[in-house]
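Single-structure report; data block below.
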Amino acid sequence: MEALTWSGSLGPFLNPVMLAAVVVFFAAFVINLLMGFAGMRPADPIVNPDHTISYRMGPVDITLAAMKYAVFAVLACIAIFILGGILQPGMEAKGIIGGVSAQFLPVWIGLVVIFVLSIRYKRRLGLYGKLFDNLVGMIGFGLVMFWILTAIFAPTIATHGPIDVVASMRNDPPGSMVANAAADGHFAYYLLGGDALGRDVFSRMIFGAREVLTIAPVATLFAFMVGITLGLPAGYMGGRFDTLITFVANLVLAFPVILLFYLLVTPEIVEAGVPVYMAAVLFLLPIIFIWVLFYSRYRNQPGVIKWVAVPITLALLMLYLGTVFEFDPFVWLTTSFIGYLNQGNPVSDWMLTTRESYDPLVGIPIDGNLLIVFVAVVFVNSPTVFRIVRGLVLDIRTRDYVAAAQTRGEGPWYIMLWEILPNARGPLIVDFCLRIGYTTILLGTLGFFGLGVDPESPNWGSTINEGRRLLTIYPHPPLPPAIALMSLVLGLNLLADGLREESLKD
Amino acid sequence: MGLFILRRLGVMLLTALCLTFVVFFLTNLAPNLEKLAKTQGNARMSDAEVTRWLDNRGYSRPLVVRYGEWLGVVPGWTREAPDGAVTGRCIGPADDPAEAPTFCGVLQGDFGYSTVSAEPVSDVVGGRLALTGWLMLYAFALMVPAALAIGILAGMREGSRLDRTLSTFSIASTATPEYVSGVIFIILLASSTAGVSPWLAEMGWIEGRTLFLGSARSAMENITFWNFALPVATIALYGMGYIARMTRASMAEVMTAQYIRTARLKGVSFRNIVLKHALRNALIAPFTVIMLQIPWLLTGVVIVETLFNYNGFGWTLVQAASNNDIELLLSCSIVAVLVVLLTQLISDIGYVYLNPRIRIS
């Protein structure tokens with residue numbers, strides 16, 4: 001068997017059509033631009049004597065129509081390629097494009113289901129439903145959902161493992177056959193080629209989506225919690241606290257991001273324990289936020305406080321202690337107690353040694369390198385969030401409903417969290433989308449400089465970095481992750497734009 | 001105004017002190033110093049030898065004192081070896097200990113020695129800054145006019161087809177970080193096996209093997225279009241979108257103002273409205289954005305200089321950080337922090353100057 005062609009059996013028919021459509025589009029675009037500079041305008045509607053409106057197409061309108069149909073033609077060709085890839089039997093007929101789109105089958109199904117359901121029920125879905133009235137927002141949402149679904153279904157989509165090495169496939173071009181694939185039970189092709197170590201570029205890109213889409217949104221969420229917890233009191237109360245926090249925020253903002261990353265994300269800093277101290281502060285703020293959120297609202301309902309707020313906060317505190325300090329209070333207390341009862345016995349020493357090596361029951365085991373990456377990204381993002389929140393609070397606190405709450409005798413935290421925050425949600429949601437994109441770019445930057453990431457990791461940034469050394473000779477390894485990162489960030493930006501437009505319409 | 005500038009300068013000084021102290025603290029953490037001792041001395045030193053090495057070079061004293069020495073407000077350390085030879089912070093290998101100055105720090109203009117290249121830091125940073133200056137200059141010369149043009153064209157008729165096309169372009173450009181656009185540019189324009197170069201070479205339209213050069217190393221001596229276009233375009237592209245969007249927003253706001261409507265009703269042509277009435281007012285907001293964009297470009301400069309092998313300031317920063325070259329890194333951070341703070345100051349002053357409605361006590 002030979003290496004795959006890009007477009008498989010459909011190529012000979014569809015490629016000329018697509019090429020013609022692209023040529024028509026660009027020709028029409030240039031002609032339209034020139035006519036625009038020459039002062040020609042689209043035709044005005046003509047009102048007929050019988051009050052109907054008709055158009056007489058001028059040259060400008062013809063170019064515009066040509067552009068529109070060319071875009072439709074390209075989209076139709078892409079759809080046929082995807083369908084052909086899914087429906088045709090045999091990899092030869094599918095080609096690389098068809099093969100890739102066949103691998104993405106779960107994603108296509110998921111996208112169709114989500115879009116059909118959302119458009120069907122869009123009137124009942126609030127702001128989310130309104131997104132489907134907006135083309136830009138819909139495209140952005142589609143791109144983001146594409147990558148989220150890819151991350152979810154990564155093991156089914158990927159053809160190989162992210163670190164499976166086939167030595168004979170080093171730097172092989174897209175569509176190459178894997179030798180002895182059937183015997184070893186592998187997928188028979190490297191759809192997008194192999195990288196410098198002989199790993200499958202396509203599978204690494206797919207698993208990279210998983211890495212990026214777990215860290216970026218969570219880090220952004222933490223940055224928001226920190227920014228909101230500090231920004232609300234700073235904006236609402238003002239005074240010394242405001243001055244101090246604003247100064248610190250400006251300090252962090254004045255720090256060039258790249259310098260901060262290079263100083264913070266090093267093995268030596270991890271060894272010195274700096275990330276743990278930073279995590280201790282940054283992760284505590286969200287817990288304070290959640291406790292205050294409950295307490296300010298349900299202060300007069302001891303039942304809720306006792307049975308909901310306190311257990312949740314305690315559970316989060318346990319998680320916090322387990323994650324940041326690898327410390328489990330229950331184990332510590334029981335071992336100390338048993339050790340105390342057995343003073344002088346070997347049991348006591350044994351208790352104390354097990355205590356040190358015992359993994360906490362609740363707590364996410366995070367390796368030091370990942371923790372510092374996470375902390376650094378949260379640290380860089382939260383001052384900006386703080387500024388946005390503070391600005392919004394300064395604006396909202398002069399509103400009548402805030403004055404009404406003050407007259408009712410509500411406490412300051414209730415007003416901040418339950419009167420001001422819900423009314424600031426629009427801009428915050430929009431900024432959240434933008435910021436996930438920005439965080440993705442930051443994570444990519446870290447990966448690009450090889451900071452704090454495992455070299456084996458399929459993270460997009462580090463894959464681009466690995467590929468750039470042989471870039472001019474073998475361009476195929478860094479290109480898929482680069483395009484993936486760009487499309488995800490573009491999707492998030494378009495989504496934010498659509499959300500902003502729709503929320504402004506209210 | 002004078003008081004305002006004075007107060008801003010005070011805050012700036014305080015910020016610079018805090019930031020350099022943070023950098024000093026992070027570079028002088030115990031594991032970093034141990035790494036320094038092992039790279040400078042012997043990789044197989046025992047812990048006791050490491051401590052002695054650090055003692056002999058004055059690294060083992062309190063952090064604040066050493067920060068003071070580096071600043072030049074605390075007298076530099078001296079040490080008399082058992083054989084009577086005097087060494088010290090301010091005493092170079094060839095200097096006479098008796099004549100050496102007591103203070104030698106940043107305030108005295110002494111930025112120290114780079115431990116890796118064994119050259120005075122000021123020499124290293126100075127040359128590199130000039131190289132980066134050229135990169136920034138060209139990037140700005142490309143980015144600012146392009147971004148302003150896009151923003152103004154998009155904002156003058158909000159919601160039109162032109163506006164939507166240009167806005168999509170600017171969103172796409174903010175979504176393309178330098179390490180993505182740089183890689184794509186190199187593949188498309190500077191690769192001998194992919195993109196347009198093999199085709200052009202086959203047609204005989206270009207002399208070399210590639211259209212543009214994928215490495216800007218030769219631009220350090222001699223800048224040409226072929227070796228400098230890609231790095232400049234890469235930096236400019238990412239910053240362009242943001243400025244263009246801000247300009248568009250500002251222009252769209254101005255176009256809805258009362259005086260524009262008045263001009264329209266008087267019968268002023270659309271071209272004159274845009275050029276004479278709207279433009280000047282619409283450019284106030286982008287001015288601040290452009291100034292504040294400079295520090296953001298620093299990250300881009302570091303990425304682009306690494307990607308295109310251009311040994312400028314960003315490249316030096318990366319080298320200094322990865323080798324833990326403490327004094328070089330400190331000077332780099334001073335430069336970076338000063339750039340950030342100065343641009344903030346200029347943007348504040350410029351904003352007040354450009355917009356007479358704003359009065360700051």
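Packing, taken as the mean count of other beta carbons within 10 Å per residue, orders the peptides B:319-328, B:8-17 from highest to lowest as B:319-328, B:8-17. Within region A:1-94, the trypsin sites (Lys or Arg not before Pro) that combine a DSSP coil assignment with at most 10 other C-beta atoms in a 10 angstrom radius are A:R56. Model label points for A:D349 and A:V310, set 7 angstrom from Cα along the Cα-to-Cβ axis, are 4.1 nm apart.
When the helix-only estimate is applied to chain A (DSSP H runs of n ≥ 4, each -39,500 (n - 2.57), divided by the residue count), what is the mean residue ellipticity at 222 nm, nearest 500 deg cm²/dmol?
-22500 deg cm²/dmol
For region B:36-125, pairs of C-alpha atoms spaced more than 24 angstrom apart make up 23 percent of the total. The shape of region A:1-103 comes out prolate: with a ≥ b ≥ c from the C-alpha gyration tensor, a/c is at least 1.5 and a/b beats b/c. Amide H contacts under 5 Å for A:D172: A:G194, restricted to partners 5 or more places along the chain or on a different chain, H placed in the peptide plane at 1.01 Å from N.
With one equal scatterer per alpha carbon and no solvent term, the Debye-computed log10 I(q)/I(0) for chain B at 0.10, 0.13, 0.14 1/Å reads -0.82, -1.11, -1.19. Membrane-span-like helices in chain A, defined here as complete DSSP H runs extending at least 30 Å along the helix axis by their C-alpha atoms with mean Kyte-Doolittle hydropathy no lower than -0.5, are A:11-37, A:59-87, A:201-237, A:274-298, A:368-396, A:425-448, A:479-505; this is a sequence and geometry rule, not a statement about a membrane. Partner shielding of A:248-255 amounts to 5, given as the average count of beta-carbon atoms from other chains within 10 Å of each residue beta-carbon. Chains B and A together bury roughly 4100 Å² of accessible area, counting both sides, with a 1.4 Å probe on protein heavy atoms only.
Compute the Cα gyration tensor for region B:203-339, then decide on rounded, prolate or oblate, letting a ≥ b ≥ c be the square roots of its eigenvalues: rounded whenever a/c is under 1.5, prolate when a/b is larger than b/c in the other cases, and oblate in all that remain. The shape class here is oblate. So what is the relative contact order of region B:93-226, in percent, for Cα pairs below 8 Å that sit 6 or more residues apart? Relative CO of region B:93-226 lands at 10 percent. Working value for region A:278-395: equivalent-ellipsoid semi-axes of 35, 22, 9 Å, each the square root of 5 times a Cα gyration tensor eigenvalue, largest first. Mean separation of Cα pairs under 8 Å and 6 or more residues apart, divided by the residue count, gives chain A a relative contact order of 18 percent.
Cα gyration tensor of region A:166-255, axes a ≥ b ≥ c as square roots of the eigenvalues: rounded (a/c below 1.5), prolate (a/b > b/c) or oblate? It is prolate, given that a/c is not under 1.5 and a/b is the larger ratio. Report summary: the helix-based calculation at 222 nm, which adds -39500 (n - 2.57) for every DSSP H run with n ≥ 4 and divides by the residues of chain B, gives -21500 deg cm²/dmol.
Sorted largest first, the spans of the alpha carbon positions of region A:327-475 along the three principal axes are 69, 68, 17 Å. The Cα atoms of region B:54-208 define a convex hull whose projected area, averaged across directions, is 17.9 nm².
Each part reduced to its alpha carbon centroid, region A:215-287 and region B:156-173 end up 35 Å apart.
Using only alpha carbon positions, build the gyration tensor of region B:126-251, then give the equivalent ellipsoid semi-axes as the square roots of 5 times its eigenvalues, largest first, whole angstrom.
Ellipsoid semi-axes (Å, largest first): 30, 20, 11.
What is the projected area of the convex hull of the Cα atoms of the protein assembly as shown, averaged over all directions, in nm²? List each step's numbers first, then the result.
On the way: hull surface 203.1 nm².
The Cα convex hull of the protein assembly as shown, projected and averaged over all directions, gives 50.8 nm².
Given a 1.4 Å probe and the protein chains as shown, A:K505 ends up with an accessible area of around 140 Å². The value of relative contact order for chain B, using C-alpha pairs under 8 Å at least six residues apart, is 20 percent.
Global size of region B:142-212: 16.6, 46 Å for Rg and Dmax (C-alpha atoms, Rg to one decimal, Dmax whole). Scanning the protein assembly as shown for cysteines with no neighbouring cysteine C-beta under 4.7 angstrom from their C-beta gives A:C77, A:C433, B:C18, B:C332. Mean partner shielding of peptide B:26-36, defined as the number of other chain Cβ atoms within 10 Å of each residue Cβ, is 4. Think of a 1.4 Å ball rolled over the protein heavy atoms: the protein assembly as shown then has 49 Å² of accessible area per residue. Its residue count N fixes a reference of 2.2 N^0.38 Å for chain A, and the Cα radius of gyration divided by that reference is 1.21. Per-peptide packing, taken as the mean over residues of other Cβ atoms within 10 Å, places A:243-256, A:117-130 in the sequence A:243-256, A:117-130 from highest down. Within 10 Å of the Cβ of each residue in A:444-450, the mean number of Cβ atoms contributed by other protein chains is 4.
The values are calculated or read from the model by the stated rules, or taken from the named source; none is laboratory data. Please read all numbers here as calculations on a predicted model, not as lab measurements. Here Cβ is always computed from backbone atoms with ideal geometry, including for glycine, and neighbour counts include all displayed protein chains. The area values use the complete protein model at the heavy-atom level, side chains included, leaving out ligands, DNA and RNA. Shrake-Rupley method; radii C 1.70, N 1.55, O 1.52, S 1.80 Å.
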